[in-house]
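The values are calculated or read from the model by the stated rules, or taken from the named source; none is laboratory data. Values in this document were obtained by computation on a predicted structure and should not be read as measured data. Note that each Cβ is placed from the backbone with ideal geometry, even for glycine, and that neighbours are counted across all protein chains shown.
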Amino acid sequence: MMNEEIPNLTAFDQAALDQAFAAVEHQARNDAAALDNVEALEAFRLRWLGRKQGLLNEISSRWLKAAPSEAKKPVGERFKILKELVERLLDESSGTGPSDAALAAEAIDITLPGTRRLTGAEHPITRTLNEITSVFAALGYSVGVGPEVETDFYNFESMNFPPGHPARDTQDTLVISNQDRRPLRDRLLLRTHTSPVQMRTMETQPPPVRIIIPGKVHRNDAQDATHSPIFHQVEGLCVDTNITFSDLKGTLDHAMKALFGSAVKTRFFPSFFPFTEPSADVQISCIFCGGKGCRKCKDSGWIELLGCGMVDPAVFRFAAEKQPAYDPKKISGFAFGMGVERIAMMKYGISEIGQFYAGDMRFLSQFS
Ligand SMILES: [Zn+2]
């Protein structure tokens with residue numbers, strides 16, 4: 001039917017176009033003159049403006065698209081005027097605007113289900129990192145960050161690792177290649193702990209310092225259920241006058257209770273770290289059996305969780321090279337460090353460290 005109503009144009013000169021457009025304009029005015037109810041109005045709208053089979057659409061494809069390139073502009077101008085006329089006729093006939101039926105046809109069905117978007121969630125490592133950080137933030141600690149590619153000086157020397165220390169061995173440390181010509185202290189490596197940020201902080205900030213250092217660290221470890229070449233640490237450093245070991249014990253006891261519940265107990269055992277003296281390992285009472293003994297704690301009732309100690313005076317002497325206020329005779333401090341994966345595995349009952357990095361949605365969505 002429409003094919004007959006809109007003939008193909010055989011000529012595209014001014015006169016032919018004027019005549020063709022005048023004919024359809026005349027038709028539109030005639031159609032509009034007969035509109036006297038809502039249904040007729042909707043029929044008019046569909047007949048002229050229908051998306052697929054409307055007359056304007058037909059004119060567009062038969063006349064506009066078929067026009068030779070030099071006639072595109074005059075056809076386009078006339079088409080625009082025609083379209084405006086049809087829309088105006090529709091508006092005038094319906095009084096205030098589109099008909100109820102037209103509105104109903106265009107209305108959005110609010111009962112249709114929308115497009116669902118999955119809400120993102122914190123990765124369990126990020127969540128655990130943030131939990132630990134917020135416990136110390138509440139104690140007045142600020143957060144420190146530093147580079148993951150470090151110099152030997154910050155990672156080892158300034159942390160009081162003597163030159164022959166086994167931790168410097170490439171068996172344990174991932175080093176950047178082709179640096180043999182550089183002095184040892186300038187050679188680059190992937191930091192093996194977040195401790196370098198302790199020194200970087202002290203070099204730029206005189207005491208008192210209370211800082212918590214979350215971050216990614218790297219070791220040349222083979223992957224197994226509990227080891228990964230990349231993992232996360234949180235370290236803490238507190239320096240002021242008259243800081244004692246009891247401050248360290250009180251701080252960590254509070255932190256462990258805040259993280260694992262107020263029933264958790266802590267105990268300290270002598271240990272060794274190059275950058276602290278004295279050093280201690282901290283155990284917490286088993287959070288699975290409450291200290292009675294179970295498989296998780298190997299029937300001991302205790303779980304070893306972090307290392308700590310009083311800052312070694314040698315470390316302060318390195319800091320004093322840039323900040324003289326770090327005089328080990330006048331100030332003291334403590335430091336501690338813990339593995340984030342280990343804590344997250346305990347908190348969430350995860351047995352394979354690799355699951356943190358596999359990107360498996362079945363695993364990750366459990367934390368959303
Ligand atoms: Zn237990």
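A few points about this structure:
- Cβ separations smaller than 6 Å between residues 6+ apart or across chains give the following pairs from segment 287-300 residues that are on the phi < 0 side of the Ramachandran plot to residues that are of a type outside the set (F, W, Y) and near the ligand (Cβ under 6 Å from one of its atoms): F288/C294; F288/K296; C297/C286.
- Looking at E341, E304, just one residue is of a type in the set (D, E, K, R), touching an Asp or Glu at 6+ places or on another chain (Cβ under 7 Å) and under 26 Å from F268 (Cβ atoms), and that residue is E304.
- Restricted to strands (runs of 3 or more DSSP E) entirely inside segment 244-345, those with at least 2 residues that are of a type outside the set (D, E) and within 16 Å of the ligand (Cβ to nearest atom) are 266-273, 276-285, 302-311.
- Only one of the listed residues (V149, V135) is at pLDDT 95 or above and within 22 Å of C308 (Cβ to Cβ). That residue is V135.
- Against the numbered list (1) more than 26 Å from A335 (Cβ to Cβ); (2) in contact with a strand residue (DSSP E or B) (Cβ under 8 Å, 6 or more places away or on another chain), E277 comes up short only at (1).
- Count of segment 180-200 residues which are surrounded by 15 or more Cβ atoms within 10 Å (Cβ to Cβ) and not in a helix (DSSP H, G or I): 9
- Selected residue (only one of L248, L259 is within 18 Å of C286 (Cβ to Cβ), in the same structural domain as I350 (by TED's automatic domain parsing), hydrophobic (A, V, I, L, M, F, W, C) and surrounded by 14 or more Cβ atoms within 10 Å (Cβ to Cβ)): L259
Yes or no, residue by residue, for (1) surrounded by fewer than 14 Cβ atoms within 10 Å (Cβ to Cβ); (2) more than 30 Å from P183 (Cα to Cα):
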residue: K83; (1), (2): no, yes
residue: E87; (1), (2): no, yes
residue: D91; (1), (2): yes, yes
residue: L112; (1), (2): yes, yes
residue: R116; (1), (2): yes, yes
residue: I132; (1), (2): no, yes
residue: A138; (1), (2): yes, yes
residue: F153; (1), (2): no, no
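- Within segment 266-275, the residues that satisfy the criterion of being surrounded by 15 or more Cβ atoms within 10 Å (Cβ to Cβ) and modelled with pLDDT under 95 are S271, F273, P274, F275.
- Breaking point among (1) small (G, A, S); (2) in contact (Cβ under 8 Å) with a residue 12 or more places away in the chain; (3) farther than 30 Å from N155 by Cα, for S279: (3)
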